[in-house]
Amino acid sequence: MTTATPDTFAPDLPSSLGAASRGEGKSMAVRLSDTHSFASISEKISGIVLTMPTPRWWTIAFALCSALSLVFFGAISYLFYEGVGIWGLNVPVVWAFDITNYVWWIAIAMSGTFISAALHLTRQPWGASISRFAEAMTIFALAIAGIFPIIHLGRPWFFYWLAPYPNVMSLWPQWRSPLVWDFFAILAYLLLSLMFWYLGLIPDFATLRDRARSRSAQIAYGLLALGWRGEARHWQRHRGAHLLLAGLAVPLVVSVHSVVGLDFATGNTPGWHSTIFPPFFVAGAMFSGFAMAMTIAVLLRRAFDLGDFITDRHLDNLAKLILAMGLVLAYSYVMEIFMAWYSADRYEVYTALNRMRGPYAPVYWALIVCVVVVPQALWSRRVRHAPWVLFGISIVINVGMWLERFMLIVTSQHRDFLPSAWGMFYPTIWDWATLVGSIGFFAWLLLLFVRFIPLISMTEMRELLAQQQGGS
Amino acid sequence: MNASQQPYGLIAEFSSPAALLAAARSAHGAGYRRIEAYAPMPVEGLAEALEFHDHAISMLALAGGIVGGIGTFALQWFSVTVDYPLNIGGRTPAWPGLIPSTFEMTVLGAALAVFLGTLLRSGLPQLYHPVFNEPSFSAASSDRFFLCIEATDARFDLQQTRGFLEQLQPVKVSDVSA
């Protein structure tokens, strides 16, 4: 290609949004709308951070989420003051909302980096516009997930005993405990996700630095950009590094959630002691993470008018991934029941039946509806092309996934081997405050993210556009 | 800028990645070696046009992975056999239980090496660079493409090099003060 590419601003850009992205359902490839140029990409995406006046809905949502974040930290502070007795858990149910929340959040965290890394490795161009916020989702959810194992300890101020460090107590971690593996897994995943995210952000921070008008924004983004100037040699290394980190991230994701599965599988509690747990947990994690990515994608697309970057095709592909993962998960449920029966172990069989018709049966059937039945609507093409229906389904899925973890964790403990040791778990107001507060804090972080960090990778959008222009 | 002072180099601005790629190839073909090409995104073939190869990052990843993996395994082994021997049925704890942490730290070691290696080998963070003195360079992170020939190049001559760059049909050519 030798002709100069069109490089004009598209002044009527907002009016053309969405229209271009509709009717092109047939081709597998995702195309940016033809009205876009390198300049308009930078203008549109950096404009959300730099020039767009704060929308009213943002202020309201931010106030609400700030209040919920205070609830979260207030509940944790009271916990530190009073102890885990403020929660409803007690022998025999010693893991309840705390570990349910932990597994739920870490599962949501699993797919963000996975989506972005796996789609990058398989050269799926549609990953480009969802990878940035999916990675942000991972980091925020992981940061919140990491709080729960710490606060579930009786003496949370000793959490650092999990780390092997020289100490005068001759104390070493129990290396063969999955809880110690968890420590290393979360540490590795959090740091790798942060590096993966930040590496992709450096060139975008440079764009913000160069386009910012206010001195404080120039200094802040200038420091974050580390002096990035887009030199060809730097790009070469940057690209290689991005590929390597993506390649490292994919097996890491699988290992991290497998370790979470092993937290349960290594115990001999009926309903937990099963080799299916690691892959079953990985499938569940992908499922709920894809659903959360869908929730956020639909909201961002609507809020910032991003229909020409996050097209119907993106939502359609994401919906198909959710459907596929949902089927894997449904298969796991069936296998879990089958293996309980096949083991001929009376405790395993009882636990399986107790889940379906014991005191927590409503939770079991609600989760089956949320996780197995409702996602079947995604077979329909019409559903996959209705963003608000997808939004609703993705919320239902994540409610279902929370119930699933609750069911798995609580029903196994509440009736194990000896009927004399049976008991029930009922949540207290502090259990609920911690759960609801954690969701508020997650949304609070996301709200800050969309106002201060470009929520779509401008670099990758420019690459996509260059490929399109080169190929046409 | 002091008029007698030697500039950092000459910089030509282009409006498309293809034009920059063609210009980089011409400049390299004309014998210039101290050339820098700037783009708002990776341009396929640009690094090759400048004859740039850096395979060190993947080697660093390997080294980081080995250090992380062997280090973590050795630490655990030392802990359960030397520093605080555990005798379980007459044996030290079986090694498979030490593998998950070893795996996680292998990946983390490799990732840290990649991340730090990429930045440090590119000389980043480096907040000041002479090309930032060119006012129009702020578009290099958005929609413009630049080719800079440094004054330290053996073939650099202010007039001749400017003439050479002009003939590549850039948007404009400017001096970059040191």
Taking A:Met356 and the conditions (1) exposed (fewer than 15 other Cβ atoms within 10 Å of the Cβ); (2) closer than 26 Å to A:Phe148 by Cβ; (3) more than 18 Å from the chain's Cα centre (by Cα), which numbered condition does it fall short on, given that it satisfies the others? (2)
Test A:Trp432 against the stated conditions and say whether it is part of a helix (DSSP H, G or I) and under 18 Å from the mean Cα position of the chain (by Cα). no
In segment A:49-59, is there at least one residue being at pLDDT below 90 and within 29 Å of A:Gly146 (Cβ to Cβ)? yes
Among residues belonging to segment B:116-136 that are small (Gly, Ala, Ser) and either touching a residue at least 12 places away in the same chain (Cβ under 8 Å) or in a helix (DSSP H, G or I) (or both), point out the one that is nearest to the other protein chains (Cβ to nearest Cβ). B:Gly117
Reported set for segment A:219-270 where residues are more than 26 Å from the chain's Cα centre (by Cα), crowded, with 19+ Cβ neighbours inside 10 Å and more than 9 Å from chain B (Cβ to nearest Cβ) is A:Pro270
Restricting to segment B:25-45, what's the tally of residues that are under 18 Å from the mean Cα position of the chain (by Cα), buried (at least 23 other Cβ atoms within 10 Å of the Cβ) and among the aliphatic types (A, V, I, L, M)? 4
Looking at segment A:86-109, is at least one residue without any contact (Cβ under 8 Å) to a residue 12 or more places away in the chain and either out of contact with any Cys (no Cβ under 6 Å at 6 or more places or on another chain) or outside any helix (DSSP H, G or I) (or both)? no
Output the residues belonging to segment B:104-150 that are among the basic types (Lys, Arg) and surrounded by fewer than 20 Cβ atoms within 10 Å (Cβ to Cβ). B:Arg121
Given the residues A:Ser343, A:Ser394, which is the only one that is more than 30 Å from A:Gly127 (Cα to Cα) and either polar (S, T, N, Q) or touching a residue at least 24 places away in the same chain (Cβ under 8 Å) (or both)? A:Ser343
Picking from B:Ala139, B:Ala154, B:Ala113, the residue that is more than 8 Å from every other protein chain (Cβ to nearest Cβ), in a helix (DSSP H, G or I) and within 29 Å of the chain's Cα centre (by Cα) would be B:Ala113
Is it the case that segment B:73-94 has a residue that's within 8 Å of another protein chain (Cβ to nearest Cβ), under 23 Å from A:Gly247 (Cα atoms) and modelled with pLDDT of 90 or more? no
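Residues of segment A:435-468 being within 14 Å of another protein chain (Cβ to nearest Cβ) and not acidic (Asp, Glu), which ones?
A:Pro454, A:Ile456, A:Ser457, A:Met458, A:Thr459, A:Met461, A:Arg462, A:Leu464, A:Leu465, A:Ala466, A:Gln467, A:Gln468
The values are calculated or read from the model by the stated rules, or taken from the named source; none is laboratory data. Remember, predicted model here, so these are calculated numbers, not experimental data. In this analysis, Cβ positions are derived from the backbone assuming ideal geometry, glycine residues included, and neighbour counts consider all displayed protein chains.
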